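Here, each number is a calculation from the coordinates, and none is a lab measurement. Keep in mind that this is a model prediction, so the values were computed, not measured. A quick note on method: Cβ atoms are made from the backbone with ideal geometry, for glycine too, and the neighbour counts reach across all protein chains shown.
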Ligand SMILES: [Zn+2]
């Protein structure tokens, strides 16, 4: 029988105990740091990204946005990039994104809309609108290490754009770039750039799947910009402050913090406070191995 996951509580049951204990440990650390919210006043750009807003996470997204709005101005992904490149960060800013294009991203967008917060949704064109359950199950299990979930269709992607959100590329089928040959990477970049711009128009942002530096390469970085994308994002934690002098878009290495709404709020805040505390101009650049 076709069965799609739709509750975070059910997801937790499919994951090992380690995930839960990890979250609990960090929540405790977060509690001890709660008094350090003063760091959130540091002018900076924080990118925050999610994957899902399941039914039982909707209230949590609302609560998080309420909390974050006390310390930050919400800006679009595009504006966030511009502020870093030009060095015009004059207060604490936050911008949202979401990876993998799950159907519940539509609900995320509706909640973001209530706060006039616009996000960038990084999608895999190869799975958008897929209705074959076995294909979805295979993709989720083998590629995302996730139970089967529904994905957005193209009409829903258009709706996100209509609401003022941006669409970005996350490769055709969630490719681990570090494990692929140059030709496959180059072909995938050009194909996704062409498809997304035909379907959506104005697509220029890229976020590589899995997101850690060891999932990427200098070849991948070159292929992203050669294909026409103008930004490239990681899932390495950190925030951005003004560079010493304006920097070029191909030199900007976007850091994004991964967040699961089901986590304890103190845990989420811990990461953001920690980023602000350790803010550095070095975060704007790639490590030497990506030159
Ligand atoms: Zn992803």
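Reported to the nearest whole Å, the Cα centre-to-centre distance from the stretch 36-58 to the stretch 199-222 is 22.
Among 263, 154, rank each residue by its count of other Cβ atoms within 10 Å, from fewest to most, as a rough exposure measure.
So the ranking, lowest neighbour count to highest, is 154, 263.
Average the reciprocal distances over every distinct pair of alpha-carbons in the chain, invert the result, and give the Kirkwood radius in Å. Result for the chain, one decimal place: 19.4 Å.
Each peptide in 74-80, 141-147 was scored by the mean count of other Cβ atoms within 10 Å over its residues; highest first, the order is 74-80, 141-147. Antiparallel beta bridges, as assigned by DSSP with both residues in the chain, represent about 5 percent of the total such bridges. Segment residue 70..residue 285, full-extension length gain: 74.5 nm, with 0.36 nm per residue of separation and the alpha-carbon distance subtracted.
Dividing the alpha-carbon radius of gyration of the stretch 217-269 by the rule-of-thumb value 2.2 N^0.38 Å gives 1.46. P(r) for the stretch 36-146, from all Cα pairs and a bin width of 10 Å, is 13, 39, 29, 15, 4 %, short bins first. Take every pair of alpha-carbon atoms less than 8 Å apart whose residues are at least six positions apart; their mean separation over the length of the chain yields a relative contact order of 23 percent. Pair-distance distribution of the stretch 143-291: all C-alpha pairs, bin width 5 Å, starting at 0; shares per bin in whole percent are 2, 8, 16, 19, 19, 18, 12, 6, 1, 0. Taking the DSSP bridge list for the stretch 91-194 and keeping only pairs wholly inside it, about 10 percent are antiparallel. With a Förster radius of 30 Å applied to the C-beta separation of residue 163 and residue 213, the computed FRET efficiency comes to 0.40. Inter-label distance, residue 182 to residue 138: 3.1 nm, where each label sits 7 Å from its Cα along the C-beta direction. Any idea what diffusion coefficient the stretch 128-231 gets from Stokes-Einstein, in µm²/s, Kirkwood Rh on alpha carbon pairs, 4 °C, 1.567 mPa s? The estimated diffusion coefficient comes to 89 µm²/s.
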